[in-house]
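Visitor: To start, I am sharing the structure in question, which I have written as structure tokens.
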Amino acid sequence: MSPRVLVDATAVPADRGALGRYVDGLVAALGGARDGGEIDLAIVCQRSEKERYTRLAPGAHVVAGPAAITHRQSRLAWEQSTLPHVAAQVGADVLHVPYPSMPDRPGVPTVVTVHDLGFFTDPDLHDEERASYLRSATRRAVRRAARMIVPSQATRDDLVEVLDAVPSRIDVAYHGVDPAVFHPPEPAEAAALRSRLGLHGEPYVAYLGALQPRKNVAALVEGWAMAAAEQAEPSTLVLAGGRTLAAEVDKAVAAVPAQLRVVRPGYLAPADLPAYLGGALVVAIPSRGEGFGLPVLEAMSCGAPVLTTRRTSLPEVGGDAVDYTEPEADGIAEGLRRLFGDPERRRRLAEAGRARAAQFTWEASAEAHVASYRRALES
């Protein structure tokens with residue numbers, strides 16, 4: 001008999017950031033595992049998301065949470081008091097919480113996804129209130145979860161080193177990318193997106209992600225400004241993502257010379273991401289640390305040349321199919337100069353990136369998750 005697995009999707013943000021794209025991709029692939037008889041899938045989500053998850057995983061049992069859990073503190077209280085009852089009501093054999101927080105008394109074996117340990121290893125790069133909560137939640141998950149899923153070997157190593165987690169209770173499940181969604185855009189699609197961003201045909205360097213200190217966006221702005229000032233036709237820098245703790249980014253943008261241009265469109269709709277990433281001259285994500293680095297993989301799948309760093313998990317994703325830089329502004333400037341001046345290098349990286357991205361599938365990720373669910377039951 002297939003075990004019933006309840007996936008808690010209630011913390012997925014409406015903007016479909018990296019967490020949302022992880023849960024969406026995983027749930028859709030788990031729906032396939034359900035059809036294959038490997039698991040019996042149930043999902044609990046925000047009320048506004050019920051139709052979406054029903055569409056992503058046809059045949060899964062989808063439960064809508066109460067309206068109040070749109071607020072973070074209410075959701076956390078609901079997670080402790082009511083999520084275990086939901087698990088019991090749907091007859092779950094295993095609960096999967098795809099982020100570090102979990103109920104203290106879940107009632108069934110619980111699998112927790114720990115995305116990264118940056119709030120332990122680089123606390124100065126995080127909001128202290130949020131980092132304090134994540135540290136507490138992760139410590140609790142290490143003690144209480146039946147299994148922990150991590151998206152990279154780097155995160156697994158950090159869990160063992162920083163929190164003395166038991167290695168045999170940790171399962172690595174890389175994220176995936178759907179090539180039907182993230183693929184090189186048609187020229188007309190890329191042109192339409194450039195027009196909506198007000199670029200009108202000029203080349204641009206793309207960044208995708210939160211504007212947080214750990215993402216190193218201020219150094220990207222400084223490095224790009226140095227490199228772009230030397231271009232005959234300067235590229236525009238486009239910073240797509242939320243404004244969390246963006247004061248240092250604001251300061252860096254304010255120092256950009258007047259002849260150069262920075263565009264900040266905020267969050268882009270998921271449907272716009274292939275055209276945005278695939279239409280860029282370079283996608284630059286010089287992060288100081290990632291649990292996985294989903295935008296790097298998505299950019300590779302869209303045929304974009306990518307510049308990133310060798311920090312934490314990023315080499316596991318990029319391999320030899322991306323260019324690397326040190327995270328300081330001078331290094332970023334040098335990396336961008338190399339790519340600006342070498343169209344053949346950009347073409348080779350685009351080809352290599354697509355080939356490597358094809359190795360990361362949500363189906364393979366779902367298989368690794370299902371294996372973890374079964375280990376949780378056996379424990």
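The values are calculated or read from the model by the stated rules, or taken from the named source; none is laboratory data. Just so we're clear, the structure is a prediction, and the values are computed from it rather than from any experiment. Cβ coordinates were reconstructed from backbone atoms using ideal geometry, including for glycine residues, and neighbour counts include every protein chain displayed.
Visitor: What is the number of the single condition among (1) closer than 16 Å to Val63 by Cα; (2) in contact with a helix residue (DSSP H, G or I) (Cβ under 9 Å, 6 or more places away or on another chain) that Arg4 does not meet?
Guide: Failed condition: (2).
Visitor: Further, regarding this structure: Counting only residues that are of a type in the set (Gly, Ala, Ser) and under 30 Å from Arg139 (Cα atoms), which one in the stretch 162-209 is nearest to the chain's Cα centre (by Cα)?
Guide: Here the answer is Gly209.
Visitor: Do we find a residue being without any contact (Cβ under 8 Å) to a residue 40 or more places away in the chain and either touching a Cys at 6+ places or on another chain (Cβ under 9 Å) or crowded, with 21+ Cβ neighbours inside 10 Å (or both) anywhere in the stretch 334-341?
Guide: no
Visitor: Checking the structure you have, find out if any residue of the stretch 76-85 is assigned to a loop (DSSP other than H, G, I, E, B) and at pLDDT below 95.
Guide: Within the stretch 76-85 (the criterion being assigned to a loop (DSSP other than H, G, I, E, B) and at pLDDT below 95), the answer is no, since none of the residues qualifies.
Visitor: So the check is Cβ under 6 Å with 6+ separation or different chains; which pairs have a first residue in the stretch 177-194 that's within 17 Å of Leu268 (Cα to Cα) and a second one that's of a type in the set (Phe, Trp, Tyr) and assigned to a helix (DSSP H, G or I)?
Guide: Short answer, once both residue conditions are applied: Leu193/Tyr276.
Visitor: Among the listed residues Val205, Val249, Val217, identify the single one that is closer than 16 Å to Thr308 by Cα, crowded, with 17+ Cβ neighbours inside 10 Å and without any contact (Cβ under 8 Å) to a residue 60 or more places away in the chain. Give the steps one after another, and end with the answer.
Guide: On the way: Val205 fails: without any contact (Cβ under 8 Å) to a residue 60 or more places away in the chain; Val249 fails: closer than 16 Å to Thr308 by Cα.
Criteria check complete, one pass: Val217.
Visitor: Counting only residues that are among the hydrophobic types (A, V, I, L, M, F, W, C) and under 15 Å from Pro270 (Cβ atoms), which one in the stretch 2-18 is modelled with the lowest pLDDT?
Guide: Filtering the stretch 2-18 for residues that are among the hydrophobic types (A, V, I, L, M, F, W, C) and under 15 Å from Pro270 (Cβ atoms), the one modelled with the lowest pLDDT comes out as Ala14.
Visitor: Could you tell me which of the residues Gly279, Gly293 is in contact with a helix residue (DSSP H, G or I) (Cβ under 9 Å, 6 or more places away or on another chain) and farther than 16 Å from Leu193 by Cβ?
Guide: Gly293
Visitor: Listed residues Gly303, Gly353; which is buried (at least 24 other Cβ atoms within 10 Å of the Cβ) and touching a helix residue (DSSP H, G or I) at 6+ places or on another chain (Cβ under 7 Å)?
Guide: That would be Gly353, the only listed residue that is buried (at least 24 other Cβ atoms within 10 Å of the Cβ) and touching a helix residue (DSSP H, G or I) at 6+ places or on another chain (Cβ under 7 Å).
Visitor: Follow-up question, since we're still on this one. So how many residues does the stretch 290-300 have that are crowded, with 24+ Cβ neighbours inside 10 Å and in contact with a Ser or Thr (Cβ under 8 Å, 6 or more places away or on another chain)?
Guide: 4
Visitor: Can you find, within the stretch 36-70, the residue that is nearest to Pro3 (Cα to Cα) among those that are basic (Lys, Arg) and surrounded by fewer than 16 Cβ atoms within 10 Å (Cβ to Cβ)? Full working, then the answer.
Guide: Applying the first criterion (basic (Lys, Arg)) to the stretch 36-70 yields 47, 50, 52, 55.
Now drop any that are not surrounded by fewer than 16 Cβ atoms within 10 Å (Cβ to Cβ), which leaves 47, 55.
Numbers: Arg47: 25, Arg55: 22 Å.
Here the residue is Arg55.
Visitor: Looking only at residues that are assigned to a loop (DSSP other than H, G, I, E, B) and acidic (Asp, Glu) in the stretch 226-270, which one is modelled with the lowest pLDDT?
Guide: Step one: of the stretch 226-270, the residues assigned to a loop (DSSP other than H, G, I, E, B) are 229-235, 241-246, 255-261, 267-269.
So of that shortlist, the ones also acidic (Asp, Glu) come out as 230, 233.
Working: Glu230: 97, Glu233: 94.
Selected residue: Glu233.
Visitor: Now for a separate question. Kindly provide the set of residues from the stretch 19-68 that are in a strand (DSSP E or B) and either assigned by TED's automatic domain parsing to the domain that holds Glu298 or under 18 Å from Pro270 (Cβ atoms) (or both), ordered by number.
Guide: Hit for the stretch 19-68 is Cys45, nothing else.
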